[in-house]
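Below you'll find the structure, written out as structure tokens, and then a few comments.
The values are calculated or read from the model by the stated rules, or taken from the named source; none is laboratory data. All figures in this text were calculated on a predicted structure; none of them were measured in a lab. Positions of Cβ are generated from backbone atoms using ideal geometry, with glycine treated the same way; all protein chains shown enter the neighbour counts. With ligands, DNA and RNA removed, areas are computed over all heavy atoms of the protein, side chains included. Shrake-Rupley method; radii C 1.70, N 1.55, O 1.52, S 1.80 Å.
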Number of protein chains: 2
Amino acid sequence: MLKQERHKLILDRLKLSKKVLSKNLSDELSVSEDTIRRDLKELESKDLIYKVHGGALLKENRVRSYDERSIADVEEKKKIAIKAVKLIKSGQVIIMSGSSTNLELAKIIPPEINATIYTYSLPIAVELSHHPSIEVIFIGGKLNKEAQVTVGIDIVNPIYNISADICFMGTDGIDVNRGLTEPNWEVSRIKNSMIRASNYVVVMCVSSRINSVKRHSVVPITEIDAIVSEIDPSEAIFSGFRDLNLTII
Amino acid sequence: MLKQERHKLILDRLKLSKKVLSKNLSDELSVSEDTIRRDLKELESKDLIYKVHGGALLKENRVRSYDERSIADVEEKKKIAIKAVKLIKSGQVIIMSGSSTNLELAKIIPPEINATIYTYSLPIAVELSHHPSIEVIFIGGKLNKEAQVTVGIDIVNPIYNISADICFMGTDGIDVNRGLTEPNWEVSRIKNSMIRASNYVVVMCVSSRINSVKRHSVVPITEIDAIVSEIDPSEAIFSGFRDLNLTII
DNA sequence: AAAAAAAATGCACAAACACGCAAAAAAACG
DNA sequence: CGTTTTTTTGCGTGTTTGTGCATTTTTTTT
């Protein structure tokens, strides 16, 4: 058995059970414990594992590119993501906006889903790049460091050439009369073109932000097909949207 | 038995059982182990297999293989980055290719530098997004998960509209006669357009890869202005490049 | 504090490797 | 066809890599 084979096997094993013991490995691979120790040492120097006495542990070093602590309402957003992920089917072409809710959604897409996802968010692209069968297409442009998304008129044009089955749009502003709104003008233009490129538009919004209005208009409410929130769809707060035939999830 | 026959057989065998041993192959094909080694070396230079001590493994198309390979020579790459960072001045428009050397470079750009950087590499964009005064422009496209860069013809066009002062290009293949070469065709086209968009082209290459040739040509050596390596510029290995008036750093 | 387990250290040795060279084979050429 | 050139191959040399073992040091357990 070659050294690299052992390395791969050790890493696979680690991924599966989060820890390995030198003793077990040396038994199962029929090499001396010394060799296993050397293997672990080498893998550690490559930052692939976390070596400890007697074995090694899985190293969780997903580079979180922006501060997750600063995100509000994480629990609510996770609930929304769990509901929204059911809308994703294999074969779809999907557009995702750059919201933290979409980041949660990206984390929980099942491995067997095979789809194409367009995004302009750095953290979402990083997250999706770990997925085995999602094709990721990053919409480039000038990077807004605060939000970790690309902006700029240059990115609107490429979006016109996309035709997507479904668009997942995170928002802090949705209102029956004013429709979808956004504090940042550039982002409002990008969201607008994303929606126009999509057959079906899903807005994800925590319940506390429903019926709130921001400065710049994205699209009227008639352009939206569905709203996903963390609360029960039959709540009274949705009555206005239901009257307009929106699907509430 | 002809060389190409063996090559094909080796690749088939690899696909089937994920590993081959030089010893076995030399027995079964009745050639010396040296010949098998040469075969494997050639296949590796074409990026078709992953050569290891004692044989070869199937080239993995997973993210991990990128991690393991790129971590190699990290000390050399840091030295190169330290030399290269001196070329960066405030006010410049810079293009960075998606190499691990450029990632090291991105990490050490002084905070007081104020510049615009174009890149198509996800990790480099993430790194630069933490810099206080660098404007980052991400060149979008289909994400190649293995190398964490965007590729695709769609990204070449936008590059034509850029005009940059300096281009930092990482490479594993530079040679006096064959110029800059690349194993991946799509990447070779992108690198080509990046170089054509730049006034001054700096190639960063660890000394062990100097005079190595990959499959696809990027540009002839005359398009290159400077080479940065981790070793002393007066080393004999650079004489051919010096004759062509390249700056060696 | 003593005993046991794991790790580091140094050494030996076989297997795999790189390099140069020359023979053999294949290709190119008139 | 013969001859020249290029490519491919095998072998001898010395070097590097991977592995196991004995010994000492460090860490963990009792």
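Of all residues in region A:32-57, how many are open to solvent by less than 50 Å² (accessible area, probe 1.4 Å), more than 10 Å from DNA strand C (Cβ to nearest atom) and among the hydrophobic types (A, V, I, L, M, F, W, C)?
3
Test B:Glu75 against the stated conditions and say whether it is over 20 Å from A:Ser129 (Cβ atoms), part of a strand (DSSP E or B) and open to solvent by 40 Å² or more (accessible area, probe 1.4 Å).
Details: over 20 Å from A:Ser129 (Cβ atoms): yes; part of a strand (DSSP E or B): no; open to solvent by 40 Å² or more (accessible area, probe 1.4 Å): yes.
For B:Glu75, the condition - over 20 Å from A:Ser129 (Cβ atoms), part of a strand (DSSP E or B) and open to solvent by 40 Å² or more (accessible area, probe 1.4 Å) - is not met.
Give region B:10-31 a look and list any residue that's over 22 Å from A:Leu9 (Cα atoms), open to solvent by 60 Å² or more (accessible area, probe 1.4 Å) and either away from chain A (no Cβ under 14 Å) or within 8 Å of DNA strand D (Cβ to nearest atom) (or both), or say none.
Within region B:10-31, B:Asp12, B:Asp27, B:Glu28, B:Ser30 qualify.
So which residues in region B:101-112 are in a helix (DSSP H, G or I) and either farther than 13 Å from B:Val203 by Cα or without any contact (Cβ under 8 Å) to a residue 40 or more places away in the chain (or both)? Outline the logic, then answer.
Going through region B:101-112, the residues in a helix (DSSP H, G or I) turn out to be B:101-107.
Within region B:101-112, B:Leu103, B:Glu104, B:Ala106, B:Lys107 meet the criteria.
Filter region B:43-72 down to the residues that are modelled with pLDDT under 90 and part of a loop (DSSP other than H, G, I, E, B), then identify the one that is farthest from DNA strand D (Cβ to nearest atom).
B:Asn61
Considering only region A:153-170, how many residues are surrounded by fewer than 18 Cβ atoms within 10 Å (Cβ to Cβ) and at pLDDT below 90? If you could, list the steps in order and put the result at the bottom.
Of the residues in region A:153-170, the ones surrounded by fewer than 18 Cβ atoms within 10 Å (Cβ to Cβ) are A:153-154, A:156-157, A:160-161, A:163, A:165.
Still in the running and at pLDDT below 90: A:153-154, A:156-157, A:160-161, A:163.
The qualifying residues number 7.
Looking at A:Ser26, is it more than 15 Å from DNA strand C (Cβ to nearest atom) and over 32 Å from the mean Cα position of the chain (by Cα)? Quick ask: steps written out before the conclusion?
Numbers: more than 15 Å from DNA strand C (Cβ to nearest atom): no; over 32 Å from the mean Cα position of the chain (by Cα): yes.
The answer is no for A:Ser26.
Condition first: part of a strand (DSSP E or B) and modelled with pLDDT of 80 or more. Now tell me which residues in region B:135-152 satisfy that. Explain how you work it out, then say what you get.
Just the residues of region B:135-152 that are part of a strand (DSSP E or B), to begin with: B:135-138, B:141-144, B:149-151.
Those that are part of a strand (DSSP E or B) and modelled with pLDDT of 80 or more: B:Glu135, B:Val136, B:Ile137, B:Phe138.
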